[in-house]
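To start, the structure under review is shown below, and the notes come after it.
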Amino acid sequence: MLDTFEILTTSGVVLWSRTYVPVGANIINSLIRDVFIEERIIPQQEDAGYHPTYRKEGYTLKWTQAKDLGLIFVAVYQSLVHLTWIDKLLDNVRALFTGLYGEQLNSNRSNSSTLDTQKFNPYFDRQIQDLEGTSDESLNVKLTPPSSSGNDSAEESAPTLPVLQKPQRPLYDTSADSTPVPTPDTSRPTTPAPSHLLTGKAKPGAKLSRRDRKKAAGFGSAPASSGDEASVKRKGKSSTKKNRTWGEFGAEEEDPSVVLDYSQADLKGDAPEAEALEEIKQETWGRKTGKGQFVLKDLDEEMDAIIAEQNAKKESSAPSSGLVGSSLGAIGGLFRNVVGGKTLTKEDLAKSLRGMEDHLLKKNVAREAAVRLCESVERDLTGLKTSSFTTVESTIRTSMEKALTKILTPTSSLDLLREIQTVNASGRPYVLSIVGVNGVGKSTNLSKIAFFLLQNHHRVLIAAADTFRSGAVEQLGVHVRNLKELSHREGGEVDIFQKGYGKDAANIAADAVQYAAKNNFNVVLIDTAGRRHNDQRLMSSLEKFAKLAKPDKILMVGEALVGTDSVAQARNFNASFGPGRGLDGFVISKCDTVGDMVGTLVSMVHATGIPVVFLGTGQHYADLRGLNVGTVTRLLMS
Amino acid sequence: MAWHDEDSWLTAAFAPKLSTIAITLLLVMLLPIALHQFIYRVQTPTALPTFLLIGPSGSGKTAFLTLAERRAAAQTHTSTAPLSIEALLPDGYVPNSAHYRSPGDPAYERARRLLLLDTPGHGKLRHFATAQLVNPTHVRGIIFVVDAASVADEAGLDETAEYLHDMLLALQKRYTGAKTSKGPKEIPVLIAANKLDLFTALPPHLVKISLEKAISEVRKSRAKGVKDSGVAMGGEEDAVDEENEWLGEGGEGAFEFRQMEEVGTSVAVQGGNVLGGEGSDVKSWWEWVAEQL
């Protein structure tokens, strides 16, 4: 069974929700974080009517969006239950909600977050009933709860009600048009008679209650009431007919406090409207107990009409028919392309996006990442209107810049020094290890990091866990000798921990950590042997390494020179440390050799969602830099 | 045809012809209307004072926004887009500028109106907020919402302090980088310690002390940290002198919020809770807002 259904805006405000079983807010929050912000999980293609799913803590979430209105529709249910109708429900609810509230949302977009969605309850209940395929009996029984719940909520919404009524009007107008037509000639010929009867009864009752009310409220002025009666006579017939269906979901008017409110609105001069409202109330109340089903049928028709209208709108927006129409449309499209205010479709975007993709490929972004970026831009822009005096190209450009910034900006803090401080405060050395493919500059970048730490007066132990390549240990030894001399004045201290060649790297690393703890070193840097990322034999040893050495941070070194392979490298290394452990960051080396072709950064981050911590920008120990997202984005877009 | 010929256009323009008179009349009538149309379309309507809601994700920014708008906090989730709403200062709070106005005065009512701008707090989406900080035209004040319960533990405190540090640094840069000697308009900051209804929440004065400490730490490690890649990657040259800027009194000693007053930013810390068993309590925040209006 469905647990929760929520309709929320991109700015995070829940507009409408229905909770059957309470679900923690963190479930939907993590959906937003993982899917919409960090884009860790790419939603699958939405064709065949299947909406993407997201699983978290035993719940399955399905969602859909109305991008132009900035709405997200989320359905949450237990993963154990298999609900086949959720996709249909999402589609229908989206169509209904955008149909009912679309204009309102568009109009009060500026400076308001409120939207009264009380009225949406019966629509939703009806959808659920329809889709769950319950029988007619249960339908009749279930009819009452929504209205009674409406009654309960009436008290809270009472003061604002007159305001709410106005936007609802178009709604009941359409229903009024549709109701009289089907009633006489369809398969239920009994409908017209009771409805007329009821309206006849309703009138005096309505007047009576009005008078009572006025007495009670102390407004018993004769001229005013007579004027009201006149308005009843004038408006009587049309208004009663109109409002029959409408009252079904507006049943909250039964509440006395609301009624009182109307009399006041009456005095302000809204007499006909108030009159109309109260009459519905009388009538629907009479009808509901007896013939609830007919009223529901009307609601159904209305609902179907809205859904059909939305679907038709969607279809009609795609193709334009006729020779003249299409050519005019083409000219208009060209014009709008220059001036702006054009609603973007996939076709509009396709050409410019291909150009953008080529541009990214030229910047050494891996094909996979470029395609994904373009897709995310397409998702971002489809259905949006370009702002005035901007072309499609420039819209895509700004959107791409935004997407790049979003990808490259790290989620968490990357402050190495603070982390070291925190770990050391708990009484153990900070362990940092470096992995990577052969020849990307692991040892060089390790010594650069060591130099940076030495400048900050840390005591650094470098562990030579590359026991495979000849000369690796000696190479580190040279680095340590240089660093010792350089840091002599600065006050840092550095040493090497080595056990020669041929030993197991994981054990050496573990020993180095122990040694460091004993000898009062506060940072351990572990160098590892370079390995090919698609060699299972070599990669499997990394899991043991992670288990024994327990590094606080594992950085992977990647070359800026590498092209498409960077995605696979990042993925394989990220997956090689066993479950629950992955990479913590990238060091991108040799950035000074590629000029503005810094696409590798994007490819690696895109493949794994792991941030770039350092950039190697030269041959010297001091040539280690942090990432400047703005600069990289500018280089990529230039 | 020279200009002094009888039928040249210049002669015609000065001749007492009917067509000339008609054209002149038309011009005289229509030009002011056209100018009026143009100018009034271009000129933006008078902007309301804006208050920026900033803070890490999950601190209660959107909840406070809905509270300000509807007088009751709505259910909210993580924001992915900024949202601005027009709110009215609640009854019982008098805007500072309208202190001597009577409540029936339309100017009094106008002074109570304000714009609240909510920004997403997620690490990847902070550019919405920073873009506002670079060019704060109508920003009257900044409300930095802090989850007082999450500040109690290390990770939450670090995140909050880092964001607050970046924000204050941006404000300071705006002041020191000003072209005129007068300096830009002051932007006061309220650190709103939210969620005080929770048992684990720190009281406001402790929030202040721990944030000051944490910001000193952030500043220290920023000073020591690796340089930014901007210059090395062929970025613009202006990145060079930016690096010499440290928050508060040259970055020496312990940081205190008081030091920010030198650069035109007063920082106040007030407690409150948007949600909670006994309803919301954001009185002190509204008082602060009323003071800035």
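Of the numbered criteria (1) within 21 Å of the chain's Cα centre (by Cα); (2) away from chain A (no Cβ under 12 Å), the one B:His122 fails is (2). Does B:Glu212 satisfy being part of a helix (DSSP H, G or I), more than 19 Å from B:Asn273 (Cα to Cα), more than 14 Å from every other protein chain (Cβ to nearest Cβ) and at pLDDT 80 or above? Spelling it out, B:Glu212 is indeed part of a helix (DSSP H, G or I), more than 19 Å from B:Asn273 (Cα to Cα), more than 14 Å from every other protein chain (Cβ to nearest Cβ) and at pLDDT 80 or above. Does the stretch B:135-143 include one or more residues that are within 14 Å of chain A (Cβ to nearest Cβ) and of a type in the set (D, E, K, R)? Within the stretch B:135-143 (the criterion being within 14 Å of chain A (Cβ to nearest Cβ) and of a type in the set (D, E, K, R)), the answer is no, since none of the residues qualifies. Taking helices (runs of 4 or more DSSP H) as the structural unit, those lying wholly within the stretch A:365-445 and holding at least 3 residues that are among the charged types (D, E, K, R) correspond to A:367-381, A:392-408. For the stretch B:121-143, filtered to residues that are in contact with a helix residue (DSSP H, G or I) (Cβ under 6 Å, 6 or more places away or on another chain) and outside any helix (DSSP H, G or I), the residue that is surrounded by the fewest Cβ atoms within 10 Å (Cβ to Cβ) is B:Arg140. Among the residues of the stretch B:172-192, those that are farther than 27 Å from A:Glu419 by Cβ and at pLDDT 85 or above comprise B:Ile187, B:Pro188, B:Val189, B:Leu190, B:Ala192. In the condition set (1) in a loop (DSSP other than H, G, I, E, B); (2) closer than 25 Å to A:Thr422 by Cα; (3) over 48 Å from the mean Cα position of the chain (by Cα), A:Phe521 is compliant with all but (3). Pairs linking a residue in the stretch B:165-192 that is part of a loop (DSSP other than H, G, I, E, B) to a residue that is among the hydroxyl-bearing types (Ser, Thr, Tyr), with Cβ atoms under 7 Å and 6 or more positions apart or on different chains, are B:Gly183/B:Tyr175; B:Pro184/B:Tyr175; B:Glu186/B:Thr265; B:Ile187/B:Thr265; B:Pro188/B:Thr265; B:Pro188/B:Ser266. Restricting the first member to the stretch A:68-96 and to residues that are more than 21 Å from A:Ile27 (Cα to Cα), and the second to residues that are at pLDDT below 85 and among the basic types (Lys, Arg), no beta-carbon pair is closer than 6 Å while six or more apart or on different chains. Selection of the stretch A:340-354 for residues being polar (S, T, N, Q) and at pLDDT below 80 yields A:Thr343, A:Thr345. Against the test of being more than 30 Å from B:Leu198 (Cβ to Cβ) and within 8 Å of chain A (Cβ to nearest Cβ), the options B:Glu154, B:Glu86 yield a single qualifying residue, B:Glu86.
The number of residues in the stretch A:600-628 that are farther than 17 Å from A:Thr409 by Cβ and buried (at least 21 other Cβ atoms within 10 Å of the Cβ) comes to 4.
Against the definition (away from chain B (no Cβ under 14 Å), under 14 Å from A:Phe614 (Cα atoms) and more than 38 Å from the chain's Cα centre (by Cα)), how does A:Leu453 come out, yes or no? Against the criterion (away from chain B (no Cβ under 14 Å), under 14 Å from A:Phe614 (Cα atoms) and more than 38 Å from the chain's Cα centre (by Cα)), A:Leu453 does not qualify. In the stretch A:456-478, the residue that is modelled with the lowest pLDDT out of those that are over 22 Å from A:Leu538 (Cα atoms), surrounded by 22 or more Cβ atoms within 10 Å (Cβ to Cβ) and of a type outside the set (Val, Ile, Thr) is A:His458. Within the stretch B:161-194, the set of residues being within 21 Å of B:Trp288 (Cα to Cα) and within 14 Å of another protein chain (Cβ to nearest Cβ) comprises B:Leu164 only.
Scanning the stretch A:393-417 for residues that are more than 10 Å from chain B (Cβ to nearest Cβ), β-branched (Val, Ile, Thr) and either under 13 Å from A:Asn628 (Cα atoms) or touching a helix residue (DSSP H, G or I) at 6+ places or on another chain (Cβ under 7 Å) (or both) gives A:Thr395, A:Ile396. Taking the residues in the stretch B:75-106 that are among the small types (Gly, Ala, Ser) and surrounded by fewer than 19 Cβ atoms within 10 Å (Cβ to Cβ) as candidates, determine which candidate is modelled with the lowest pLDDT. The selected residue is B:Gly104. The residues of the stretch A:581-638 that are of a type in the set (Lys, Arg) and farther than 22 Å from A:Val435 by Cβ amount to a single one, A:Arg634. Taking the criterion of being polar (S, T, N, Q) and buried (at least 16 other Cβ atoms within 10 Å of the Cβ), would at least one residue in the stretch B:202-211 satisfy it? Yes, that holds for at least one residue.
The values are calculated or read from the model by the stated rules, or taken from the named source; none is laboratory data. From a predicted model like this one, the values you see are computed outputs, not experimental measurements. Positions of Cβ are backbone-derived with ideal geometry, glycine not excepted, and every protein chain shown enters the neighbour counts.
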